[in-house]
Amino acid sequence: MAGTVSALGEFEQVVLLAILRLGDEAYGVTVREVIADRTQRRPTAGHLYTTLDRLEEKGLVASKFGDPTPQRGGRAKRYFKVTAKGVAALARAQQSYQRLMDGLKLPGVAHA
Amino acid sequence: MRNARLAEWVLSLVTTPERASATVGDLLEDPLHAGALRFWAAVLFAAFSLLWRDMAANPKPMAKLAVYGVFLQLLLSFVTSAAVVLVYIVGAFVGSAIDPGPQWKWGPGMPLGLLTLGAIAGWAFGLVAQFQVGRVLAKRSPDRELAPCIATTLLAIAIPLLIVVLSGGRATFPTGQLIHEALYGPSIVLSVLSQVAALFVLLAGAARVRRQQLSMSR
């Protein structure tokens, strides 16, 4: 289990959460927008697509191509979906963070 | 100018044509990449990131291919040197037949035209050799045709660097010549830059194989 959790990097978790948040509308542009809106960081195209490919190779996301659209010059969108394995890996990673955070007070940060 | 077809062509060298098409579609749709400069920066950075991932995700086969690539480069550098010497010999033979004299004797005093011819021949043979090495490496790495070229270049830079560092920069050949001078010439920076330039020729050879593979799979 520890191996799986450590294999999921911080940006991979961010991408998985963005895809989950978008539901059926998760493709390159919207994933990048959600990450930018929610984390105030703008991932480069290279960083985002290599991460998405890596997550797909690990079996944590699945992708399928939509229909070609004229506003994209007749190019299809590649839609992403988090797999059950991806949800489980994300849950484990988040639980690990939570266990590490339990009872910990970060200096200068307000706690609920 | 945002040339989507060219961008797709570049990306299809390092990923499937369908993914390349979808990526370019995203870049066209995303207002962040509206300018030509940003668009091309994103395309090239995405291509390099995917290429680097291909290499980093498969360290063992890439290391083997890099060793093979460096071996081929060394072998072909000997062949290239021999071909250049042959150019000089034939050139001097022809030249001395037309205009006999001592100027055709081997050495730096040879006519400038012959020296230039030899230099151009050496350069051209070197390009062809690198191109062929790129093709050979690509054929041995299906679906990741370009990645071994990066690995080979990194190894070709690392080996002499390691020798120089381990020898403290003072080690010499039995002839008395400093090893680092023989490996790098007068400038390490120039040597590394020439390796990077050679990388583009390697990549061109690999790209040709990649395009052939793609056209056969259609």
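The table for this structure:
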item	result
Value of D in µm² per second that Stokes-Einstein yields for the range A:16-61, Kirkwood Rh from Cα pairs, at 4 °C (1.567 mPa s)	121
Highest average packing first - B:9-19, A:93-103, Cβ atoms within 10 Å	B:9-19, A:93-103
C-alpha long axis of helix B:36-56 to longest principal axis of chain B, angle in °	80
The range B:74-218: C-alpha gyration tensor shape, a/c 1.5 cut-off, then a/b vs b/c	oblate
Extension gain, B:Val90 back to B:Ala197 (0.36 nm per residue minus Cα-Cα distance, nm)	35.6 nm
Spin-label model distance (nm) - B:Ala82 vs A:Lys64, 7 Å beyond Cα toward Cβ	5.9
Size of electric dipole in the range B:126-218: Cβ of Lys, Arg +1 and of Asp, Glu -1, about Cα centre, debye, nearest 20	480
Fraction of the pair-distance distribution of the protein assembly as shown above 30 Å, Cα-Cα pairs, percent	53
Heavy-atom accessible surface that A and B bury in contact, both chains counted, 1.4 Å, Å² to 100	1900
Tilt relative to chain B, helix B:147-166 - C-alpha long axis, 0 to 90 degrees, to 10	50
Convex hull of the range B:1-63 built on C-alpha atoms - directionally averaged projected area, nm²	4.3
Degrees, to the nearest 10: B:188-217 long Cα axis against longest axis of chain B	50
A:Ala7 paired with B:Asn3, simple spin-label distance in nm, labels 7 Å along Cα-to-beta-carbon	4.1
Exercise: per-residue mean of other protein chain Cβ atoms within 10 Å, A:63-76	4
Share of pairwise Cα separations in the range B:1-160, more than 22 Å, in percent	59
Shielding score for A:49-61, defined as the mean number of other chain Cβ atoms within 10 Å	3
B:Phe71 paired with B:Lys139, simple spin-label distance in nm, labels 7 Å along Cα-to-beta-carbon	1.6
Compactness index (Cα Rg / 2.2 N^0.38 Å), the range B:112-189	1.44
Peptide ranges A:46-58, B:81-93, B:204-216 listed from the most packed, as the mean C-beta count within 10 angstrom indicates	A:46-58, B:204-216, B:81-93
Positive-end residue, the range A:65-112 charge dipole about Cα centroid, Cβ charges, pick of A:Ala89, A:Pro107, A:Thr69	A:Thr69
Gyration tensor (Cα) of the range A:1-77, equivalent ellipsoid semi-axes in angstrom	23, 15, 11
Residues of the range B:134-171 with amide N under 18 Å of a point placed 7 Å along Cα→Cβ from B:Leu178	B:160-171
Shape call, the range A:42-112: gyration tensor on alpha carbons, a/c limit 1.5	prolate
For B:5-15, mean number of other protein chain Cβ atoms within 10 Å	1
Accessible surface, chain B, averaged per residue in Å² (probe 1.4 Å)	57
Surface per residue (accessible, 1.4 Å probe) for the range A:6-112, Å²	56
Complex-versus-alone comparison for the range B:35-58, residues with a loss of 50 Å² or more in accessible area, probe 1.4 Å	B:Arg53
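The values are calculated or read from the model by the stated rules, or taken from the named source; none is laboratory data. This structure is a prediction, so every number in the text was calculated from the model and none was measured. Backbone-built Cβ (ideal geometry, glycine too); neighbour counts: all protein chains shown. SASA here: full protein model, heavy atoms, side chains in, ligands and nucleic acids out. Shrake-Rupley method; radii C 1.70, N 1.55, O 1.52, S 1.80 Å.
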